[in-house]
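The values are calculated or read from the model by the stated rules, or taken from the named source; none is laboratory data. None of the values given here were measured: they were computed from a predicted structure. Here the Cβ positions follow ideal geometry from the backbone for every residue, glycine too, while neighbour counts run over all protein chains shown.
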Amino acid sequence: MEPVIIALIGAGSRSFGPETVRDVLLSEALAQRHVELRLMDILADGLLDIGRYAKSLVEKLGRNAKVSKTPALEAALEGAQFVVTAVEVERSLYWAQDFHIPCKYGFRQVFAENGGPGSLFHGLRAMKAMIPIARAMERICPDAILLNYTNPMHKVCDAIATLSKSQCIGLCHGVWMGMEQVAYILDKPVDEMEMEACGINHFSWFQTIRDRRTGEDLYPRLREAEREGDWLADWHEIGLARILLRRFGLYPSPATNHFGEYIGWAHEFCASELDWFYDPADGAPWQKGKVPEYVSVQDAYGTERPFKKQEQKPQPIEEQALESSGELAIPIIESIVCGEHRSLDAINVPNRGFIPNLPDGMVVEVPAMSDGTGLRPKRMQPLPEPIAAMIRLQGSINKLLVEAFAERSKGKLLQAILLEPTVTSYRGAVEMVDEMLALQRDVLPPIR
């Protein structure tokens, strides 16, 4: 029996690496096969730690698996059937810049991760890292499937679909967050409901909410329950979702500070969000080499902490719970390799009529089925026109950003910025682009 070769790119990550290694080695389906797990990262210390951890789990679980580690991408990809990626460059430092610099110019972006003007620079950095991986796969393992966790998901997947021939599937657990919110409003367990959502990553909308046993359409009950709820209940998480349900008819996913990134007026529904706080009178933290501390107000007690700051050390990976992450990469690998039938809540793939009133080729998020024959995205109903219009705009922004990356074009980047719903000043947009290109010149592609 041929080995199943899985390459983890970015394996030295503190979260992605250990979680994915556990998922591979806890899999009972893969345990029946010989697994070759290749760990790749350019950071020596992280690679050493994850390699040691993976080998200890192989021994502890008694798995028929070979673990190797390498800083060389080509070596990791040789003969690989599946490539799993989660790649970031100094995530916290540059995310803080993505958030604060556009805000300085008056652009009220919500989160600056997957949407908003800051996310375009995040996208360019991610493309710079991910496109060489996708192109290397074309040469070295052209039949391999790329399972990507790297954000901003839809921008990265759009770039890979446009600029390479690699088969890329984007994966995110955000839809599950929306399912939990629906269950909370209806006071009904998630597993008693059948829910299907579609759209783009972090901006997905439930077309189906049904009782799994009876088949009853639960949308009427959801609308009634929402109207009866206290307006301030979990405001930061679901306040904007409730307004979107009322105005556009469908419930969105995953949360205000995610889908709010794509809406120009979403800041009205973010309850005192503080991201990457610092006192500007002390100077910009990145000029001193110190990353500001991230603060997110998820509820009324979001900033409740001891006055005297206590140093928090990351939990050693050896002490982390030995349980699966719930992410979809390994279940997809299990289904394809072992022929197991799986229902997937959400995958990100180029649109091929899966959402009829969104552009063909644009990367969309839809449910799917997976088995030994491969992945089959589900064909959904057209989205309501106002929802489709908001998503089409993001598709245009992504298209321009991919062109800016491919052509190294400052003009295309500025066009994408000027389409962003939170950008309210031409002069501010031009000056912000200049400042961000100078500030992040070491990690951005060479934009002319």
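Kindly indicate whether any position in the range 170-184 is touching a Cys at 6+ places or on another chain (Cβ under 9 Å) and either among the hydroxyl-bearing types (Ser, Thr, Tyr) or within 24 Å of Ser325 (Cα to Cα) (or both). Scanning the range 170-184 turns up at least one residue that is touching a Cys at 6+ places or on another chain (Cβ under 9 Å) and either among the hydroxyl-bearing types (Ser, Thr, Tyr) or within 24 Å of Ser325 (Cα to Cα) (or both).
Out of the residues in the range 164-201 that are under 30 Å from Gly79 (Cβ atoms) and surrounded by fewer than 17 Cβ atoms within 10 Å (Cβ to Cβ), which is farthest from the chain's Cα centre (by Cα)? Among them, the one singled out is Lys165. Residues that are in contact (Cβ under 8 Å) with a residue 60 or more places away in the chain, of a type outside the set (Val, Ile, Thr) and within 27 Å of Glu420 (Cα to Cα) within the range 340-379 comprise Ala346, Asn348, Pro350, Phe354, Gly361, Met362, Glu365, listed in sequence order. Scan (1) out of contact with any Gly (no Cβ under 7 Å at 6 or more places or on another chain); (2) assigned to a loop (DSSP other than H, G, I, E, B); (3) β-branched (Val, Ile, Thr) for the single condition Thr422 breaks and write down its number. Among (1) out of contact with any Gly (no Cβ under 7 Å at 6 or more places or on another chain); (2) assigned to a loop (DSSP other than H, G, I, E, B); (3) β-branched (Val, Ile, Thr), Thr422 violates only (1).
For the range 1-38, which residues satisfy the criterion of being polar (S, T, N, Q) and either surrounded by fewer than 22 Cβ atoms within 10 Å (Cβ to Cβ) or not in a helix (DSSP H, G or I) (or both)?
Selection gives Ser13, Ser15, Ser27, Gln32.
Of the residues Cys172, Cys198, Cys157, which is among the hydrophobic types (A, V, I, L, M, F, W, C), closer than 25 Å to Glu261 by Cβ, touching a residue at least 12 places away in the same chain (Cβ under 8 Å) and part of a loop (DSSP other than H, G, I, E, B)? Matching residue, one of Cys172, Cys198, Cys157: Cys172. Taking the numbered list (1) farther than 29 Å from Ala438 by Cα; (2) out of contact with any helix residue (DSSP H, G or I) (no Cβ under 7 Å at 6 or more places or on another chain); (3) among the charged types (D, E, K, R) in turn, Glu78 passes all entries but (2). Scanning the range 66-100 for residues that are part of a helix (DSSP H, G or I) and touching a Leu at 6+ places or on another chain (Cβ under 7 Å) yields one hit, Gln97.
Remark: pairs (first residue in the range 310-326, under 17 Å from Glu59 (Cα atoms); second residue modelled with pLDDT of 90 or more and not in a loop (DSSP other than H, G, I, E, B); Cβ separation under 7 Å; 6+ apart in sequence or on different chains) = Ile317/Pro18; Ile317/Asp49; Ile317/Tyr53; Glu318/Tyr53; Gln320/Pro18; Leu322/Arg22.
Might you check whether a residue that is assigned to a loop (DSSP other than H, G, I, E, B), over 25 Å from the mean Cα position of the chain (by Cα), at pLDDT 85 or above and of a type outside the set (Ser, Thr, Tyr) occurs anywhere in the range 272-281? Yes. Going by what's in this entry, would Val402 be described as touching a Ser or Thr at 6+ places or on another chain (Cβ under 9 Å), among the aliphatic types (A, V, I, L, M) and either surrounded by 20 or more Cβ atoms within 10 Å (Cβ to Cβ) or closer than 25 Å to His122 by Cα (or both)? Considered against the rule, which asks whether it is touching a Ser or Thr at 6+ places or on another chain (Cβ under 9 Å), among the aliphatic types (A, V, I, L, M) and either surrounded by 20 or more Cβ atoms within 10 Å (Cβ to Cβ) or closer than 25 Å to His122 by Cα (or both), Val402 comes out as yes. When Gly17, Gly46 are checked against the criterion of being touching a strand residue (DSSP E or B) at 6+ places or on another chain (Cβ under 9 Å) and within 28 Å of Tyr294 (Cα to Cα), Gly17 stands alone in meeting it. Among the residues of this structure, Leu328 counts as one that is closer than 30 Å to Lys55 by Cβ, touching a strand residue (DSSP E or B) at 6+ places or on another chain (Cβ under 8 Å) and modelled with pLDDT of 95 or more. Any chance the range 378-397 includes a residue that's surrounded by fewer than 20 Cβ atoms within 10 Å (Cβ to Cβ), assigned to a strand (DSSP E or B) and among the basic types (Lys, Arg)? There is no residue in the range 378-397 that is surrounded by fewer than 20 Cβ atoms within 10 Å (Cβ to Cβ), assigned to a strand (DSSP E or B) and among the basic types (Lys, Arg). Per the listing Ala7, Ala31, the residue uniquely under 20 Å from Glu327 (Cβ atoms), in contact with a helix residue (DSSP H, G or I) (Cβ under 6 Å, 6 or more places away or on another chain) and among the small types (Gly, Ala, Ser) is Ala7.
Could you tell me whether any residue of the range 289-309 is over 30 Å from Gly51 (Cα atoms), part of a helix (DSSP H, G or I) and modelled with pLDDT under 95? Scanning the range 289-309, I find no residue that is over 30 Å from Gly51 (Cα atoms), part of a helix (DSSP H, G or I) and modelled with pLDDT under 95, so the answer is no. Within the range 411-428, if we keep just the residues that are of a type outside the set (Val, Ile, Thr) and farther than 16 Å from Leu401 by Cα, the residue that is surrounded by the fewest Cβ atoms within 10 Å (Cβ to Cβ) turns out to be Arg427. Give me the residue from the range 31-43 that is modelled with pLDDT of 95 or more and touching a strand residue (DSSP E or B) at 6+ places or on another chain (Cβ under 7 Å) and, out of that set, nearest to Ala72 (Cα to Cα). Out of the qualifying residues, it is Met40.
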